[in-house]
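*Asks:* Supplied in structure tokens, the structure appears directly below.
The values are calculated or read from the model by the stated rules, or taken from the named source; none is laboratory data. Keep in mind that this is a model prediction, so the values were computed, not measured. Neighbour counts run over all protein chains shown; Cβ positions are idealised from the backbone, glycine included.
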């Protein structure tokens, strides 16, 4: 059975003291014996502190992004080696905001995914359609092309360290949420695409998260869908009680 994941993407929020306080609050309320894998993804400047604070706890730390080069003249970028040197071995790649605001293409994300694979890092890889693509009935073709263009040159064993996060762009930070049935439909489709390229056993073992305005009041219903293996959480991850309520929903 696939173990659910609840990952909190903090985006560009929380100063160092605020990060420390939020992690402290989360560690106070979270059940350390829980059956859900929990991640938090603070900003780059607060990752080392987060690693130190969560040591020997049930909470793991992920980075929100990384560059595909080992090192060099790439001002402002952060490499896999840098992340691993402070104890971070999980990274979120391809988030819709990186695609929309920073021009990350499938070609760039392919390079980043390859680097994560070569560095043996866990890769929470985000895919998802925009509102106009959903309205035009192109959501299946969009997520399929995002998967194929970025990940399908990787060998099958790479998927041992890949988690897919489906995030309908129209439901991020808008208050809109895909219905549980919509989430299930496209999660099942993603699994079928993976099975066709690789095999059914791999597809069945792959964890696919939903990311699109998950909150305490809708998490249980979304997570109960057979092909939904947890969530990539935005705003609700910034409050310890809300985030913990979502984690608890993943247990049922």
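The rows are residues; the columns are (1) modelled with pLDDT under 95; (2) in a loop (DSSP other than H, G, I, E, B); (3) under 21 Å from residue 249 (Cα atoms); (4) touching a helix residue (DSSP H, G or I) at 6+ places or on another chain (Cβ under 9 Å).
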position	(1), (2), (3), (4)
8	no, no, yes, yes
14	no, yes, no, yes
40	no, no, yes, yes
68	no, yes, no, yes
75	no, yes, no, no
81	no, no, no, no
84	no, no, no, no
92	no, no, no, yes
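*Asks:* For residue 47, state whether it is under 22 Å from residue 104 (Cβ atoms), free of Cβ contacts under 8 Å to residues at least 60 places away in the same chain, touching a strand residue (DSSP E or B) at 6+ places or on another chain (Cβ under 8 Å) and not in a loop (DSSP other than H, G, I, E, B).
*Replies:* Yes, satisfied.
*Asks:* Looking at (1) over 19 Å from residue 225 (Cβ atoms); (2) crowded, with 18+ Cβ neighbours inside 10 Å, which is the only condition residue 183 fails?
*Replies:* All conditions are met except number (1).
*Asks:* Count, please, the residues in segment 202-217 that happen to be part of a loop (DSSP other than H, G, I, E, B), under 19 Å from residue 174 (Cα atoms) and within 17 Å of the chain's Cα centre (by Cα).
*Replies:* Total meeting the criteria: 5.
*Asks:* Same structure, new question: For segment 24-40, indicate whether the set of residues that are without any contact (Cβ under 8 Å) to a residue 12 or more places away in the chain, loosely packed, with under 15 Cβ neighbours inside 10 Å and under 21 Å from the mean Cα position of the chain (by Cα) is non-empty.
*Replies:* No, segment 24-40 contains no residue that is without any contact (Cβ under 8 Å) to a residue 12 or more places away in the chain, loosely packed, with under 15 Cβ neighbours inside 10 Å and under 21 Å from the mean Cα position of the chain (by Cα).
*Asks:* Which numbered condition in (1) touching a helix residue (DSSP H, G or I) at 6+ places or on another chain (Cβ under 7 Å); (2) within 26 Å of residue 116 (Cβ to Cβ); (3) in a helix (DSSP H, G or I); (4) touching a residue at least 40 places away in the same chain (Cβ under 8 Å) is the only one that residue 221 fails?
*Replies:* (2)
*Asks:* In the list 212, 175, which residue meets the criterion of being modelled with pLDDT under 95 and exposed (fewer than 15 other Cβ atoms within 10 Å of the Cβ)?
*Replies:* Details: 212 fails: exposed (fewer than 15 other Cβ atoms within 10 Å of the Cβ).
So the residue among 212, 175 that is modelled with pLDDT under 95 and exposed (fewer than 15 other Cβ atoms within 10 Å of the Cβ) is 175.
*Asks:* Also, quick follow-up: Which condition number does residue 124 fail, the rest of (1) in contact with a helix residue (DSSP H, G or I) (Cβ under 8 Å, 6 or more places away or on another chain); (2) surrounded by 19 or more Cβ atoms within 10 Å (Cβ to Cβ) being met?
*Replies:* It fails just one condition, (1).
*Asks:* For the condition surrounded by 15 or more Cβ atoms within 10 Å (Cβ to Cβ), more than 16 Å from the chain's Cα centre (by Cα) and over 21 Å from residue 194 (Cα atoms), what is the one hit in 64, 135, 53, 115?
*Replies:* 53
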